[in-house]
Amino acid sequence: MPQTAGRRRRHRDRRRRMRSGRRAATFGHSHAVIDVIEEAAATPIASPTFAGAVVDGGLDSTIAGRLARGADRSLTIHAVRPSDAGIYQCTIKLFNRPADHPTGPRVELFVHSKPTIAEFATVDFYRAIGEQVVLECSADGSPKPAVQWLLDGRRVVDEQSRILIRDGRLEITDLKATDEGEYKCVASNDEGTAERSARISFAKAPHFEFAPRNRTALDGSSFFWRCDARADPNQLTYRWFFSDKEVKFSDLGLRSVIEEGDLRISPIHRSDSGWYRCVASNGFGAEASASAYLDVQYQAQVLSSTPQVQTLPLGLPADLHCDVDANPSASFVNWAKDGRVLSVGNDTRYDRVETGAALRITGVERSDAGLYTCQAYNAIGGSSPYEIHVLVSEPPFYTVTPEPNSYRREGEDVTLFCGGGGTPEPKIYWRRKDGRPLSARAKEEGRATLSINNIHYEDHGVYECIVQNDIATLSKEAVVVVDDTRPQQPTDVRAVSRVDGAHISWKPAFDGGHEQTFTIRYRPLDSSDAWQVVDAGQRSEFDVTNLRPSTTYEFLVEPNGVSVSSGYQLRI
């Protein structure tokens, strides 16, 4: 009987402990042991059996393979995971009495783990001064880890206004130079520490370490142009332009390759000569741009624009033309007639003009007709001989020549006579030698007569009678002088820079029948300053002094102080 009473006391104690509940904790990935007290074991009529463990109302399917039951009805969980945390309770099934499910105490399992930090989506942040940046740091662990940020090893302090730290999120507005560096997110709890790093850098616009330079290449060769820039970040995009058009969209596109800024062209064509521009960009700040000139050289050649049949005027000087294209320029042109090389320069009848691109014959003879060839040379090579068939024909001629000088008073009329002939029939017309158009009061009568009615001051000048056909163009001058008017404007006005001034010179024109003096006006170009005026008297040259250095001036020379002036611009 005493033995039975003792068993009953132990049974009551166990029941009190089961009602009170228990706590269990484990750390990391170790195993957990949960003690189970079998209340049914105190009942003689019961045959107790351990049924299992309940986690918050049901077993997790991932835990089944890691469970083990001890001889004392304890429960062991191997390789504990954070998901194993929860409330466990033992249930006893009895087989020798009506169904009853006595249960043990509720035991709560806490799983402690070291912190973990999710990988940063970005680890390199490039910003400009004054911009904003946000760094996200998501940390897990049990107990919940504390998170702090370090900049180059120093703790980042929440400033509430410019720097804000909330739940691992670091936000910095109005970035300053001192904000640049390595940022480290540190998560800590009782089990350990985890950290991840990111870097904030201030972007730097590209600058050239090797910019393209002016280059020379041969027609048909391969060409390489280097262009190398540096920036931060250094993820650079390069573009090349030719004559302000992007190379890949130009005629060069199929013959060019851009590799990390370097431009390759193969083969080079002479039409590729010109200005090229390399542009480097990293998306931050201004682009870097550098230009250089490509000079494509090629051997001399005679162009097809050279007439294959040329007619020379008998008895007059004439030029045989040979159109040459060369880079560098042609150094000389060889001429031959009927297979014999001409001794140009040594023979007084032949001379070179325009670097030998034309052959001048002084006084054409009938024997000058024949088959000529021109062949051009430069430093690269020579052209093939180009054949020119030369004919000799009678030039046009004057049947009437105009009076060399005609004097009239303002309001009078003047008539200039001229006539000519030839085969083929020549064209005869009048023009002003200074290039100005004929007055509206000037009329060409018939084929060779020019009449000007009611002559004015503006009609004063040199006129030309032109007789022209396919063989030659002839010109005869006639001067029309309008007396008793204001002076004509000076010609050939020139200014030559001196140490502190300028030397001005000019050619006086017709004085209108009066004594002529000159006035010089000058001021800085595009200036609203008043004109400075000096009297040059009857001279045709004058020194202007006390001018400002590095300044462009304009000068006006006026006869007798009237507004009939000739101007000149000069940088002093």
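Where a number appears in this text, it was derived from the coordinates with a stated rule and is not lab data. Predicted model only: the values in this text are computed from it and were never measured. Cβ placement follows ideal geometry from the backbone for every residue including glycine, while neighbour counts extend to all protein chains displayed.
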Mind giving me the FRET efficiency for Glu119 and His78? R0 is 30 Å, r the Cβ-Cβ distance, nearest 0.05 is fine. 0.55
What ³J(HN,Hα) values, in whole Hz, does the Karplus curve 6.51 cos²θ - 1.76 cosθ + 1.60 give for the stretch 269-285 when θ = phi - 60°, with x put for Gly and Pro? 10, 4, 6, 7, 4, x, 8, 10, 9, 9, 10, 10, 9, 10, x, 10, x
Once phi is turned into θ = phi - 60°, what whole-Hz ³J(HN,Hα) does the Karplus curve with 6.51, -1.76 and 1.60 give for every residue of the stretch 412-421, x standing for Gly and Pro? 7, 10, 9, 10, 10, 9, 7, x, x, x
Quick check on the exposure proxy: order Trp430, Trp335, Trp531 from fewest to most C-beta atoms within 10 angstrom. Trp531, Trp430, Trp335
Return the long-range amide H neighbours of Cys90 (sequence gap of 5 or more, or a different chain), with a cut-off of under 5 Å between placed amide H atoms. Gly104
Calculated FRET efficiency for the pair Glu246/Leu164, C-beta based, R₀ 35 Å, to 0.05: 0.20
What is the stretch 491-571 by shape, rounded, prolate or oblate, if you read a ≥ b ≥ c off the alpha carbon gyration tensor as root eigenvalues and call it rounded for a/c under 1.5, prolate for a/b larger than b/c, and oblate otherwise? prolate
